[in-house]
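Report on the following structure.
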Amino acid sequence: MLKKISLLLILVLLLAVTGCEPTEKRTDKKGEVKDVTGQKNPITTEVKDPNPLTKEFVVYRVQKNGEEILIPEKVRYAAGNKTREAAALDALILTDPVSKQLTNLFPAGTQVRSVTVKGDTVTADFNQNFAARGQGSYNERMMVNAIVCTLTEFPEIKKVKFLVEGKEIDTISGHMDLLDPLTRNPDVLKKPVQQQKEKK
């Protein structure tokens, strides 16, 4: 009986010793101890973007065929923390058209530095790439009108003022006067199909 008790004690001691061996000694791999009860886990608060939803904007695109008519296109764009006006400009400048008949004329690297709204006027400040020289009269007119039409798509906005690197500019390539705020030009907007039929 005494021998059985002694053997039992020896077995218990052996199990205790082997059970205390580090994981890497038994398996040659380092292990990590994880608390699966959840009791020691810190309470975390998920901070969500105050404007996380992708917004839909109407932007005005240029046609590849060179016609001086802008085409409205709906674009879904992640606005993030930006104002709707700044996000709409980013959607216009930084995304490619959905339609293969349309194109993006903005020079590579064009960025919106800031957008401010005062009354019915938006002041849009662009980086130097926007005012790259040698763009030609067509590119200049269509770029500027696309910006104005996109921003005046918001009912409260009537005029757009252009800045480059925080400074006023009188023109980009000498084809449009940008010193004063510009209003929407109806001549560059696609005429409704019904009106076109009536003219014929």
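Residues VAL188, VAL59, ranked from the fewest to the most other C-beta atoms within 10 Å, line up as VAL188, VAL59. In terms of other Cβ atoms within 10 Å, ARG141, ARG61, ARG113 run from fewest to most in the order ARG113, ARG141, ARG61. For THR83 and SER137, the FRET efficiency from 1/(1 + (r/R0)^6), where r spans their Cβ atoms and R0 equals 25 Å, is about 0.20.
Applying 1/(1 + (r/R0)^6) with R0 = 22 Å to the Cβ-Cβ distance of VAL98 and ASN185 gives a FRET efficiency near 0.40. When the C-alpha to C-alpha distance is required to be over 25 Å, the pairs from LYS100/LYS159; LYS64/LYS159; LYS100/LYS167; LYS64/LYS158; LYS118/LYS167 that qualify are LYS100/LYS159; LYS64/LYS159; LYS100/LYS167; LYS64/LYS158. Residue exposure proxy: TYR77, TYR60, TYR138, ordered by other Cβ atoms within 10 angstrom of their Cβ from fewest to most, comes out as TYR138, TYR77, TYR60.
Extension gain for the segment GLU156 to VAL117, taken as residue separation times 0.36 nm less the Cα-Cα distance, is 13.0 nm to one decimal.
Applying 0.36 nm per residue to the separation of LYS55 and ASP177 and subtracting their alpha-carbon distance, the gain on full extension is 40.7 nm.
The residue among ALA146, VAL98, GLY66 whose Cα reaches farthest toward the positive pole of the charge dipole of the stretch 48-148, with charges on the beta-carbon of Lys, Arg, Asp and Glu, is VAL98.
A straight chain from GLU168 to LYS74 at 0.36 nm per residue would run longer than the Cα-Cα distance by 30.8 nm.
Since every read-out is calculated from the coordinates, none of them should be taken as a lab result. This structure is a prediction, so every number in the text was calculated from the model and none was measured. Neighbour counts are summed over all protein chains in view; Cβ atoms, including those assigned to glycine, are modelled from backbone coordinates with ideal geometry.
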